[in-house]
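All remarks here apply to the structure that follows.
The values are calculated or read from the model by the stated rules, or taken from the named source; none is laboratory data. Only a predicted model underlies this, so the values are computations on that prediction, with no experimental measurement involved. Please note: Cβ atoms are built from the backbone with ideal geometry, for glycine as well, and neighbour counts cover all protein chains shown.
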Amino acid sequence: MIAQLCGVRLDAMRAGRTHDLAQRARASQWIAANGCAISGIRAFEVPCGARLVHVDVPSLTCLLGVLAAMPALVDATRLPWPWRLALRALGIPVLDRTATDVVAAGIPVIVPVSSRVL
């Protein structure tokens, strides 16, 4: 499993170098889906559309499941630092500008909400 995750990380490095929001969101979905497949995590159904998507994510695996379901960027400022570190280690692109700008560009933004996260 470690070797497979390293392979996902290498592919993520290539995909995450772009500044195009749509490509970053698709890369986020692709990386999370591969991580879920390797780990046996099921993807969640989340309605798509360019908007803020407030999702209860009690665990990192739940967050990966949500990301695997749709191309989106995560507002990582609302995550604990170990989760941000894990997303970075996997190469998952996160929000690097205001959520308003990203939604205006047609990309959904996942806003984690949970008593365990906040």
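Structure summary
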quantity: ARG9 vs. criteria surrounded by 14 or more Cβ atoms within 10 Å (Cβ to Cβ), charged (D, E, K, R) and modelled with pLDDT of 75 or more; calculated: no
quantity: Qualifying positions in segment 51-91 - free of Cβ contacts under 8 Å to residues at least 12 places away in the same chain and hydrophobic (A, V, I, L, M, F, W, C); calculated: TRP81, LEU85
quantity: Output for segment 67-98, where each listed residue is assigned to a loop (DSSP other than H, G, I, E, B) and not hydrophobic (A, V, I, L, M, F, W, C); calculated: PRO71, ASP75, PRO80, GLY91, PRO93, ASP96, ARG97, THR98
quantity: Scan of segment 20-47 for residues that are more than 10 Å from the chain's Cα centre (by Cα), of a type in the set (A, V, I, L, M) and at pLDDT 65 or above, ordered by number; calculated: LEU21, ALA22, ALA37, ILE38
quantity: Condition broken by PRO80, with the remaining ones in (1) at pLDDT 90 or above; (2) closer than 16 Å to HIS19 by Cα satisfied; calculated: (2)
